[in-house]
Amino acid sequence: MTTQLQTPYFVIDEPILQRYYHMLTDSLAQNWPNYLIGYSFKTNSLPWLVSFVKRNGAYAEVVSEDEYLLARHLGYTDCEIIYNGPYKSQKSFCNVLLAEGCVNLDSRQEIKWLTELVNSFPDKTFKVGVRANFDLEKMCPGETTMGETSGRFGFCYETGRFAEAVENLRSLPNVQIAGLHLHSSSKTRSVDIFRAIARMACRLQEEFDFTLDYVDLGGGYCGGMEGRPEYPDYFPVIAKELRKCFSPEQTRLIVEPGISLISKCTTFVTSVFDTRDIKGSRYLMTDGSRFNIDPTMIKASHLFHLEYNADYTKNRPLMERQIVSGFTCMEVDRLFTHTDQPELVPGDRIIYENVGGYTMSLNPLFIQYFPAVYVRNGAQMTLVRRKWTPEDYVQGSMMDDNLPL
Ligand SMILES: *Cc1c(COP(=O)(O)O)cnc(C)c1O
């Protein structure tokens, strides 16, 4: 039973994860049968999760050499890698290209690496993708993450850098532009955003007369949020746009979901361990921290539910203001204010919901090390990452000669 486990810990509900994975594949199969899923490692690269998506057919979407090496370590071959982002290493870049994995070029430096590589293999044809940077804000006012300032990834269409990259690539005899990468982050994650991205893919295809093996729309979908779009809302709209210029027979649709796949299935279980009254406020000290579930300090509210300590049978008076705070010694480590609610006492549990993305992989090793992670299957809880210990923390460190180890 969950109540006997030592908090804090994350729980991944496997049937819910499976349901979301199927919702994604069903929707893709119905709308664009020639598809490929590249799971976004940066969103949550917990090895159990990676093995889950791998077993279900997803490739690894990585954005650094370390993530690439992790994917290899967890059993991915070079041809099952989708390599994105501005910070690739030359060696891993060449490995993936030589194995006919998927590399989406992000910079002029990478075109130089490619030129060197293809010159040493004149008999081989190399297929590459190009990441397009474009003014999505203009197409969806108020919706993008960067707003009026531009995003900074890929080759900019409006400044002519994209056209220049295409021209450079076309001048290389044994290179083929096989794909477009259009990942863009948005605040709204709306269906309109993806309609606009699909339209941009068509516009580039028409303007540059591409024959593409794939269009990669990236990630950034919603999933598991009340009143917000789900996978079946996106793909009919995307497919309708893409069919104006592409066909599933010729062009594969690549999607790179992260948070939408894992949000709903993941919770973080914490306990109140102390309360204190200071200047009219009741502080609840909990063994979870804002660093565990909101490490970038951007969330204005949290989804959660409570489990009351069953040993505490006294009445719980309504309290005007209970400030839920974390265990760290930083004043900013406050999660939310519980207003006009029954009094919480030590042993009560606060269980945060929808915390799968940008949490476990972004959690600092600050004051307490990584918490445990369990996978739930009905009543069964399986430990898939034990709590980190000081031994885990010191690995790779060198000690001064005078310090005993
Ligand atoms: C971050 C990222 C994703 C995943 O984004 P989510 O919002 O977690 O779905 C996919 N592709 C690229 C290139 C990314 O940078």
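Restricting the first member to region 222-240 and to residues that are closer than 15 Å to His22 by Cβ and touching a residue at least 40 places away in the same chain (Cβ under 8 Å), and the second to residues that are buried (at least 20 other Cβ atoms within 10 Å of the Cβ) and basic (Lys, Arg), the beta-carbon pairs closer than 6 Å and six or more apart or on different chains are Gly224/Lys264. Just to verify a result, which residue in region 32-58, among those that are of a type outside the set (A, V, I, L, M), crowded, with 21+ Cβ neighbours inside 10 Å and within 24 Å of Val11 (Cα to Cα), is farthest from the ligand (Cβ to nearest atom)? That would be Phe52. Among residues that are of a type in the set (Lys, Arg), within 16 Å of the ligand (Cβ to nearest atom) and touching a residue at least 60 places away in the same chain (Cβ under 8 Å), Lys88 is not included. If you go through region 268-285 and keep only what is surrounded by fewer than 24 Cβ atoms within 10 Å (Cβ to Cβ) and hydroxyl-bearing (Ser, Thr, Tyr), you end up with Ser271, Thr275, Ser281, Tyr283.
For Arg189, the conditions (1) within 16 Å of the ligand (Cβ to nearest atom); (2) in a strand (DSSP E or B); (3) among the charged types (D, E, K, R) all hold with the exception of (2).
Every condition in (1) within 16 Å of the ligand (Cβ to nearest atom); (2) out of contact with any strand residue (DSSP E or B) (no Cβ under 9 Å at 6 or more places or on another chain); (3) of a type in the set (A, V, I, L, M) is met by Met360 except one, and the failing one is (2).
Based on what the data block shows, is Thr145 modelled with pLDDT under 95, touching a strand residue (DSSP E or B) at 6+ places or on another chain (Cβ under 9 Å) and of a type in the set (Val, Ile, Thr)? Spelling it out, Thr145 is indeed modelled with pLDDT under 95, touching a strand residue (DSSP E or B) at 6+ places or on another chain (Cβ under 9 Å) and of a type in the set (Val, Ile, Thr). Screening Met225, Met200 for residues that are at pLDDT below 95, surrounded by fewer than 23 Cβ atoms within 10 Å (Cβ to Cβ), within 16 Å of the ligand (Cβ to nearest atom) and not acidic (Asp, Glu) leaves exactly one candidate, Met225. Exactly one residue out of Tyr214, Tyr231, Tyr283 is away from the ligand (no atom under 16 Å from the Cβ), modelled with pLDDT of 95 or more and aromatic (Phe, Trp, Tyr): that is Tyr283.
Number of residues in region 350-405 that are in a strand (DSSP E or B), without any contact (Cβ under 8 Å) to a residue 24 or more places away in the chain and surrounded by 12 or more Cβ atoms within 10 Å (Cβ to Cβ): the value is 2. Annotation note: Cβ proximity below 6 Å between a residue of region 197-211 that is over 16 Å from Glu137 (Cβ atoms) and a residue that is of a type in the set (Asp, Glu) and at pLDDT 95 or above (sequence gap 6+ or interchain) occurs for Ala198/Glu241.
Evaluation of Thr251 against the conditions (1) of a type outside the set (A, V, I, L, M, F, W, C); (2) touching a strand residue (DSSP E or B) at 6+ places or on another chain (Cβ under 8 Å); (3) in contact (Cβ under 8 Å) with a residue 60 or more places away in the chain; (4) within 16 Å of the ligand (Cβ to nearest atom) shows that the sole unmet condition is (4). If only residues of region 144-156 that are within 14 Å of the ligand (Cβ to nearest atom) and of a type outside the set (A, V, I, L, M) are counted, the one that is nearest to Arg108 (Cα to Cα) is Gly154. When Ser289 is tested against (1) crowded, with 23+ Cβ neighbours inside 10 Å; (2) under 18 Å from the mean Cα position of the chain (by Cα), just one condition goes unmet, and that condition is (2). Output yes when any residue across region 269-280 is within 16 Å of the ligand (Cβ to nearest atom), β-branched (Val, Ile, Thr) and either in contact with a strand residue (DSSP E or B) (Cβ under 8 Å, 6 or more places away or on another chain) or at negative phi (or both), and no when none is. Taking every residue of region 269-280 in turn, none turns out to be within 16 Å of the ligand (Cβ to nearest atom), β-branched (Val, Ile, Thr) and either in contact with a strand residue (DSSP E or B) (Cβ under 8 Å, 6 or more places away or on another chain) or at negative phi (or both).
Checked against (1) more than 16 Å from the ligand (Cβ to nearest atom); (2) within 24 Å of Leu180 (Cβ to Cβ); (3) in contact with a Phe, Trp or Tyr (Cβ under 6 Å, 6 or more places away or on another chain), Ala99 passes all but condition (3). Look at region 320-332: where a residue is touching a residue at least 24 places away in the same chain (Cβ under 8 Å) and a partner is assigned to a loop (DSSP other than H, G, I, E, B) and of a type in the set (Phe, Trp, Tyr), sitting 6+ places away or on another chain with Cβ atoms under 7 Å, you get Thr328/Phe366. The criterion of being surrounded by fewer than 15 Cβ atoms within 10 Å (Cβ to Cβ), assigned to a loop (DSSP other than H, G, I, E, B) and free of Cβ contacts under 8 Å to residues at least 60 places away in the same chain holds for Lys124.
The single condition from (1) surrounded by 20 or more Cβ atoms within 10 Å (Cβ to Cβ); (2) at pLDDT below 95 that Ala300 fails is (1).
Residue-wise test of (1) part of a helix (DSSP H, G or I); (2) within 22 Å of the chain's Cα centre (by Cα); (3) crowded, with 16+ Cβ neighbours inside 10 Å; (4) of a type in the set (S, T, N, Q).
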{"residue": "Glu137", "(1), (2), (3), (4)": "yes, yes, yes, no"}
{"residue": "Gly147", "(1), (2), (3), (4)": "no, yes, no, no"}
{"residue": "Phe162", "(1), (2), (3), (4)": "yes, no, yes, no"}
{"residue": "Glu206", "(1), (2), (3), (4)": "yes, no, no, no"}
{"residue": "Thr211", "(1), (2), (3), (4)": "no, no, no, yes"}
{"residue": "Ala239", "(1), (2), (3), (4)": "yes, no, yes, no"}
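The values are calculated or read from the model by the stated rules, or taken from the named source; none is laboratory data. Computed from a predicted structure; not experimentally measured. Every residue, glycine among them, receives a Cβ derived from its backbone with ideal geometry; neighbour counts consider all protein chains shown.
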